[in-house]
Amino acid sequence: LGYDCELMVGQGLHSLLAEGFRVFHDFPADGFNIDHIAIGPTGVFAIETKGRAKSSKAENRNWEVRYDGRQLAFPGWTETRPITQAVDQARWLRTWLCQATGSETPVEPVLAVPGWYIKRTGPGGLRVYNGKNPGFLAKGTQVLSAEQIRAIAFQVERQCRTVATTAYQTDTAKK
């Protein structure tokens, strides 16, 4: 479920490319990973995805999760850890980007909970959405120039794109 949800959110985030965003997945950090990073004119977003199963039978609004700014209230249980995790990861990324680029760059935490109807019932700084239509990230005031986006994306890409090719052997490996 977790992998499927991350994949769905990641695929949806690619719609932001048309808005001038760069999108990265599974960014390696200090003992954890950031599921998705979106970098665009409206800022840098660290997106945490949480897959939560729900009943196959729709009744009594059991498809709805309420977010009051402090906790997620699912039908039958509540959670705060995904909220603190998203905030902590955005804080970590902000610090890392400052060290990598030499510039102070705010990072906004975002939490995706695919498959659920999100009902906001109170104020809170964290954006929580159901993993569909991430276009809201592209709305708002432009805070990054194209040059800043390129510089930030360059540093993220250096850290994120680390898969070495193993399918080809060099001549020395054949000996």
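Restricting to the range 84-100, what's the tally of residues that are more than 18 Å from Asn33 (Cβ to Cβ) and buried (at least 17 other Cβ atoms within 10 Å of the Cβ)?
Of the residues in that region, 0 qualify.
List, please: which pairs have Cβ atoms under 6 Å, are six or more places apart or on different chains, and start with a residue in the range 71-88 that is closer than 15 Å to Arg61 by Cα and end with one that is open to solvent by 70 Å² or more (accessible area, probe 1.4 Å)?
Ala73/Arg66
Under 7 Å by Cβ, and 6 or more places apart or on different chains, what pairs join a residue from the range 101-127 that is closer than 25 Å to Ile39 by Cβ with one that is assigned to a helix (DSSP H, G or I) and of a type in the set (Gly, Ala, Ser)?
That search, which allows pairs on different chains as well, returns Thr101/Ala151; Val107/Ala90; Glu108/Ala90; Pro109/Ala86; Pro109/Ala90; Val110/Ala86; Leu111/Ala86; Leu126/Ala86.
I'm trying to understand the selection: among the residues of the range 143-163, which are loosely packed, with under 12 Cβ neighbours inside 10 Å and polar (S, T, N, Q)?
Step one: list which residues in the range 143-163 are loosely packed, with under 12 Cβ neighbours inside 10 Å, which gives 145-147, 158, 161-163.
Matches in the range 143-163: Ser145, Thr162.
Restricted to the range 102-124, and to residues that are open to solvent by 70 Å² or more (accessible area, probe 1.4 Å) and in a loop (DSSP other than H, G, I, E, B), which residue is nearest to Ile83 (Cα to Cα)? Walk me through how you get there before you give the answer.
Taking the range 102-124 as the starting set, the residues that turn out to be open to solvent by 70 Å² or more (accessible area, probe 1.4 Å) are 104, 106, 117, 119-121, 123.
Keeping just the survivors that are in a loop (DSSP other than H, G, I, E, B) gives 104, 106, 121, 123.
Values: Glu104: 23, Pro106: 18, Thr121: 15, Pro123: 14 Å.
Within the range 102-124, the match that is nearest to Ile83 (Cα to Cα) is Pro123.
Every residue in the range 30-58 that is small (Gly, Ala, Ser), in contact with a helix residue (DSSP H, G or I) (Cβ under 6 Å, 6 or more places away or on another chain) and farther than 13 Å from Leu13 by Cβ, please.
Gly51
Restricting to the range 24-57, name every residue that is of a type in the set (D, E, K, R), outside any strand (DSSP E or B) and at pLDDT 95 or above.
Our first condition is that a residue be of a type in the set (D, E, K, R); within the range 24-57, this holds for 26, 30, 35, 48, 50, 52, 54, 57.
This time we only want the ones that are outside any strand (DSSP E or B), so: 30, 50, 52, 54, 57.
Correct list: Lys50 only.
Tell me the strands (runs of 3 or more DSSP E) entirely within the range 58-100 that contain at least 2 residues that are under 17 Å from Arg120 (Cα atoms) and hydrophobic (A, V, I, L, M, F, W, C).
Values: elements: 64-67, 72-74, 77-79.
Because the criterion is at least 2 residues that are under 17 Å from Arg120 (Cα atoms) and hydrophobic (A, V, I, L, M, F, W, C), the strands (runs of 3 or more DSSP E) in the range 58-100 that meet it are 72-74.
The values are calculated or read from the model by the stated rules, or taken from the named source; none is laboratory data. Note that the structure is predicted; figures quoted are calculated from it, not measured. No Cβ is skipped: glycine too gets one built from the backbone with ideal geometry, and neighbour counts run over all protein chains shown. The protein model used for the area step is the full one, side chains on, heavy atoms only, and it has no ligands, DNA or RNA in it. Shrake-Rupley method; radii C 1.70, N 1.55, O 1.52, S 1.80 Å.
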